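The next block holds one structure in the form of structure tokens; read it before the comments.
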Amino acid sequence: MTAIARAPRVDVLTWPVVGRFLKWRHARLAMQIPVFLLAALIIFDGLVGPQLAPKNLATVGVWLHYRGFVVLALLVAGNLFCMACPFMLPRRAGRWVREHWLRGGRPVPAVVRNKWVAIGLIVLFFFAYELFALWSTPWWTAWVALAYFAVAIAVDTVFQGAAFCKHVCPLGQFNFFGSLISPLEIKVRDSGVCAGCRTKDCITARPAPTPITLHGMTVRGANGERGCELALFQERKVGNMDCTFCLDCIHACPRDNIGIVARTPTKELWSDPWRSGIGRFSQRSDLAALVIVLTFGAFLNAFAMIRPVYALQAGLANLLQTQSRVPGLVLLFILGLVAIPAALLGPASLITHAQARGAGAGEVLRRYVWALAPMGFAMWLAHYAFHFLTGALTVVPVVQTFLSDVGLYAGAARWDLGPLTPQSWLFPIEAALLYAGAIASIVVAVQIAGNHLSEIRKQTGARRGPYAALGAAAPWIGLVLLMLVFGIWIMLQPMEMRGTMMMVSGG
Ligand code: SF4
Ligand code: SF4
């Protein structure tokens, strides 16, 4: 008899305490409630607390801690923020309204069933972040969070499925992007069990309990759980793209056949299979654009906080003969997110296309651009690590001040606290992260080229020399090295200490 469920490798769900907790059907709610309360506190302090960024929970909590924890979680585990996402808690009410009063709601229109809306919002957010210096304004930070709740509820009240997560949420797209390099993945444990499964609850989730017989044994029936609202069918799901780690499929599968399993980080980028709910990476221009925006955006975002950018902006304002920051910032964004990517990616794709001979240059771009994702994520990591390590302990005096404001604390606030590590450690840590990202990107580029050329060989029978994969990957390796040098240069510049007391004292 075939085993009903077996864990072929590290599977977090088989761990004694964590595993039991995650398999509890209210686990996600139990994680969302404290994060929701934290978000409420942040919004409250942002609206009525001290409007000095390093002294307010909104700015310190969002721009120092939230961002630091998100990238750290993506690096060591997976998409834990989406798992505990506070925006999804009130959205439950919207979903209830849709299901009970709006006849199930509307399907997402085909024209927006992609990532273009989210990409537009990401660029808009990056732009607003620089223009309005969001990191320095608790009031605006609180309003951004409130707007986020409102849009999440509105979208999910009207549209079916997880429309907000899959097609709108900029944070979600960032998490999907980062989770490409995560070491954990939600995945079936035994594909043989799925092959024998007739009900496919992980995607369909039946509304009532129904006993299920498998290999002559009666296993537990589905209990009205939801299937994957993001349309990821476990049997054909590949990797972490679009997976919010919501655990719905795990609770829905009556055969206990889904785990949170360890994997080789970045491996999902190497090949280009058809992926449930996504299709092929090489056929998705919107996903390629998402990778480009989040990779080059990482460098643009870090570049915007070093001193040379002020000289550049002043030069642009001078050139355009204006006092306003807007035209210069628009130009900077066009340069950073359109012109430079086009100037680098276009030739790289054409060179690889000339060598691969079997795929169009567009397809080559959509396939190989994924090699840049680890480098892009490493840049976010190094940047956020800088802010987190220089200001993580600021949370202590900020919380003390908050408690004192609401009459719950009478001691003196520890404003002497701030950095988590000595300043001399910062650059070595940032450089190590960037080097690791570059190495991972180079490995991915070579793997993509190897798989791509072997597919072409199968289709055309054309044989290549032993170094053909290296040759096809070479332009992308060159790009990665260029990014590495630029990233190291950025990290060597004096940076704004956004969100810390050193920022106030002019550090
Ligand atoms: S419900 Fe889905 S994951 Fe579970 S056995 Fe069936 S096909 Fe596999
Ligand atoms: S239900 Fe879908 S989004 Fe949620 S954990 Fe499973 S595969 Fe991921």
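The values are calculated or read from the model by the stated rules, or taken from the named source; none is laboratory data. Note that this is a predicted model, so its numbers are computed, not measured. Every residue, glycine among them, receives a Cβ derived from its backbone with ideal geometry; neighbour counts consider all protein chains shown.
For the criterion of being surrounded by fewer than 15 Cβ atoms within 10 Å (Cβ to Cβ) and not in a loop (DSSP other than H, G, I, E, B), Ala30 passes.
Scanning segment 274-327 for residues that are polar (S, T, N, Q) and more than 28 Å from the chain's Cα centre (by Cα) yields Gln313, Asn318, Gln321, Thr322, Gln323, Ser324. Helices (runs of 4 or more DSSP H) fully within segment 321-391 that include at least 3 residues being within 26 Å of Val71 (Cα to Cα) and aliphatic (A, V, I, L, M): 373-391. The set of residues from segment 341-361 being in contact (Cβ under 8 Å) with a residue 24 or more places away in the chain and either exposed (fewer than 15 other Cβ atoms within 10 Å of the Cβ) or basic (Lys, Arg) (or both) comprises Pro347, Arg357. Identify the residue in segment 267-289 that is buried (at least 17 other Cβ atoms within 10 Å of the Cβ) and assigned to a helix (DSSP H, G or I) and, among all such residues, is nearest to ligand 1 (Cβ to nearest atom). That would be Glu268. Just one of the listed residues (Thr157, Thr137) is under 30 Å from Val330 (Cα atoms) and crowded, with 17+ Cβ neighbours inside 10 Å, namely Thr137.
The conditions of being out of contact with any strand residue (DSSP E or B) (no Cβ under 8 Å at 6 or more places or on another chain), among the hydrophobic types (A, V, I, L, M, F, W, C) and surrounded by 18 or more Cβ atoms within 10 Å (Cβ to Cβ) are met by Ala317. Kindly indicate the residue of segment 238-266 that is near ligand 1 (Cβ under 9 Å from one of its atoms) and in a loop (DSSP other than H, G, I, E, B) and also surrounded by the most Cβ atoms within 10 Å (Cβ to Cβ) among those meeting that condition. For segment 238-266, the residue satisfying everything is Cys253. For Ser441, the conditions (1) closer than 30 Å to Leu134 by Cβ; (2) part of a loop (DSSP other than H, G, I, E, B) are fulfilled apart from (2). With respect to Ile292, determine if the residue is of a type outside the set (Lys, Arg) and within 16 Å of ligand 1 (Cβ to nearest atom). Criteria not met by Ile292. Among the helices (runs of 4 or more DSSP H) confined to segment 74-152, the ones with at least 2 residues that are of a type outside the set (A, V, I, L, M, F, W, C) are located at 88-101, 116-131. Summed over segment 478-499, the residues that are surrounded by 16 or more Cβ atoms within 10 Å (Cβ to Cβ), at pLDDT 55 or above and in a loop (DSSP other than H, G, I, E, B) give a count of 3.
With the condition kept exactly as written, say whether any residue in segment 33-45 is surrounded by fewer than 20 Cβ atoms within 10 Å (Cβ to Cβ) and either closer than 25 Å to Ile181 by Cβ or charged (D, E, K, R) (or both). Scanning segment 33-45 turns up at least one residue that is surrounded by fewer than 20 Cβ atoms within 10 Å (Cβ to Cβ) and either closer than 25 Å to Ile181 by Cβ or charged (D, E, K, R) (or both). Only a single criterion out of (1) under 23 Å from Leu38 (Cα atoms); (2) in contact with a helix residue (DSSP H, G or I) (Cβ under 7 Å, 6 or more places away or on another chain) is not satisfied by Ala154, namely (2).
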